[in-house]
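Quick note: the coordinates plus some simple rules give every number you see, no bench work behind them. Being a predicted model, the structure only gives us computed values, none of them experimental. Cβ placement follows ideal geometry from the backbone for every residue including glycine, while neighbour counts extend to all protein chains displayed.
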Amino acid sequence: MGMTISQKILAKKSHRGGVKPGEIVMADVDLAFANDITAPIAIDFVKRLGVDVFDKNKIALIPDHFTPNKDISSANQCKIMRDFVKERDLPNYWESGEVGIEHALLPEQGFVRPGMLIVGADSHTCTHGALGAFATGMGSTDVGFAFATGKSWFRVPESMKFVYKGKRNKWVVGKDLILYTIGKIGVAGALYKSMEFTGDAIRELPMEDRLTMCNMAIEAGAKNGIVEPDDVTIEYLKERGIEEDQYEILKSEGDAEYSDVIEIDVSNIEPQVAFPHLPSNVRGVSEIKEDIKIDQAFIGSCTNGRISDLREAAKVLKGNKVAKYVRLIIIPATVEVYRQALKEGLFDIFLDAGAVISTPTCGPCLGGYMGILADGEVCVSTSNRNFVGRMGSKKSFIYLASPAVAAASAVAGKIVHPDEVVK
Amino acid sequence: MIIKGRVWVYPDNVDTDVIIPARYLNTSDPEELAKHCMEDIDESFAKEVKKGDIIVAGHNFGSGSSREHAPIAIKASGVACVIAKSFSRIFYRNAFNIGLPILESDVVDELEKFDEIEVDTEKGRIRVLKNGKVFKSSVIPDFMQNLIESGGLFNYAKKILNV
């Protein structure tokens, strides 16, 4: 029996000819990272061991969640991280002014390549599977172990295959495909498993949309999300100065075993909205018959804070105004995205519409700061979780959607299809 | 280990945001985190939890964020053990790594708040005291059992690195 791409990477990194689902392997990691919330515990692990990190070039520390420092305690956490970086002279650290959201920053800066094994102390580490890497989120202690030893243990996951066919409708992006998929299988539908995204519709999907899809694999309980590398991947890497001889392209074998094969015709999918309080609570936007008035719209996060997301939002916002009493918060995920949006004139469109634009940060996505919700408030958000209290008050309500739907809803003051705003 | 205690009962999909909301993640001090444990799903928990209590829940316990602060908050609250129908995989690892005992079982279906159970973590046996019913929990994989026996991931790292 052949192996899936996920199993192949685990076999290679654990120096075995093959692996089977359920086996536990100790494998070499190519990149391990943590953020300002999770790093302090991982750093403490390394310090208590009294050792050096396994390879300075293969670890990254990214202060993105509560930076620029939101309060004294957060500032102290960032200081633990910064002091460690200084003390060990670690190269892969980004200060405010250069830092971006980890899962947008690392692929953009060329840290992620096909065939790599990546662990991050953040659940959305699965994002990086979009480039054909095996990437999974872990806790701080596991990542501390990886910082010190260069290794991590893995239970080889079963793989689920998702085959997307057909042509995408207008306004339908990667976010809609993944919301639809989670709606279909549920928030534990891929528990402990790999989600492998395949099919003609994926081949035609730009890299940034693939990153969005893999990002939300965790929202179905998956260990990782992954897309086999193809021309889109090769081109994305080339733009970052990484040539084909600098990585290995692995693919699933024809006779690889999948626990499930699920076919999805994307031509039947319209823009999707996940209702409170689960990402699986999904409906097509035209199925919403009631008026869902909003107080805030948030466009950003590791899910949808990339340049293509801001372009989608700008298409909708151009020449329009945000509805009265609605706050539209736009947060480019990285400095490069920020600069590019500025260069393309997107900031003028956003500011003319009445949006507020922030420096890159995870900020409101996890209820950190920069847009916390009050009791009873409603937010349409391009982020990844609509759990109780995720963005502030536990009495608030979060609806997840694409940047175009969030932008259109900000203009209409209620959740609407982008076509209702862009005539 | 034999654990006898009263239970706190929770549903499916208890996520780490309700176990410890991100607004409290500007510290990793266990005692601070315990003050806000389960705050967004059950305000009474942090006030009334007693040492030796047990959390029982449905599927996908600990879903969402990878924050290790979630099992740390639960452990620092004095909870002796968490038993759920299934766990999110990151929470499962994190709980092991910090030494919070967790077991997979359907026993939640049989229980109401503050019922008492007796748990034999090694044999994977859970007895409901009010009616004597016995539930089996799934077996902990050998690799993880060895990790526990060698003193957790920290000691395992020491062994690998020879320090």
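So the values come out like this:
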{"item": "About the Cα centre, charge dipole magnitude for the range A:274-420 (Lys/Arg +1, Asp/Glu -1 at Cβ), debye", "result": "180 debye"}
{"item": "Cβ-placed point charges (K, R +1; D, E -1), dipole of the protein assembly as shown about Cα centre in debye, nearest 20", "result": "620 debye"}
{"item": "Signed unit charges on C-beta, dipole axis of the range A:274-420, positive-most listed residue A:372, A:332, A:282", "result": "A:372"}
{"item": "Most to least packed among B:91-101, A:311-321, A:126-136 [average Cβ atoms within 10 Å]", "result": "A:126-136, B:91-101, A:311-321"}
{"item": "For the range A:185-320, convex hull volume per residue from C-alpha positions, Å³", "result": "157 Å³"}
{"item": "Computed [θ] at 222 nm, deg cm²/dmol, the protein assembly as shown (DSSP H ≥ 4; -39,500 (n - 2.57); rounded to nearest 500)", "result": "-8500 deg cm²/dmol"}
{"item": "Extent along principal axes [Cα atoms of chain B; Å; largest to smallest]", "result": "51, 38, 25"}
{"item": "Test item: Cα-centred dipole of the range A:267-333, Lys/Arg +1 and Asp/Glu -1 on Cβ, debye", "result": "320 debye"}
{"item": "Signed unit charges on C-beta, dipole axis of the protein assembly as shown, positive-most listed residue A:363, A:144, B:135", "result": "B:135"}
{"item": "Whole-percent pair-distance distribution, where bins are 5 Å wide, for the alpha carbons of the range A:274-420", "result": "2, 11, 22, 25, 21, 12, 5, 1"}
{"item": "Rg/Rh (Cα only; Kirkwood hydrodynamic radius) as it applies to the range A:323-362", "result": "0.99"}
{"item": "Residue-averaged beta-carbon neighbours from other chains (10 angstrom radius) around B:44-51", "result": "0"}
{"item": "Shape category assigned to the range A:351-401 from the gyration tensor of Cα positions, a/c cut at 1.5", "result": "prolate"}
{"item": "³J(HN,Hα), Karplus 6.51/-1.76/1.60, whole Hz, each residue of the range A:354-365, x for Gly, Pro", "result": "x, 7, 10, 10, 10, 4, x, 5, 6, x, x, 3"}
{"item": "Residue mean of other protein chain beta carbons inside 10 Å, A:136-147", "result": "6"}
{"item": "Kirkwood Rh and Cα Rg combined as Rg over Rh, evaluated for chain A", "result": "0.96"}
{"item": "Interatomic Cα distance distribution for the range B:4-100, bins of 10 angstrom, percent", "result": "18, 58, 23, 0"}
{"item": "By average C-beta atoms within 10 angstrom, highest first, the peptides B:61-68, B:82-89", "result": "B:61-68, B:82-89"}
{"item": "Other-chain or far-sequence residues with amide H under 5 Å of residue A:378's (modelled H)", "result": "A:295, A:296, A:397"}
{"item": "Computed P(r) (all Cα pairs; the range A:167-240; 5 Å bins; percent)", "result": "3, 16, 27, 23, 17, 9, 3, 1"}
{"item": "Average beta carbon contacts from partner chains per residue of B:140-146, 10 Å cutoff", "result": "2"}
{"item": "Centroid-to-centroid separation of the range A:207-223 and the range A:245-321 [C-alpha atoms, Å]", "result": "9 Å"}
{"item": "Relative contact order of chain A, defined on C-alpha pairs under 8 angstrom at six or more residues apart (%)", "result": "17 percent"}
{"item": "Chain A: DSSP helices with Cα axial extent of at least 20 Å and average Kyte-Doolittle hydropathy no lower than -1.0", "result": "A:72-88"}
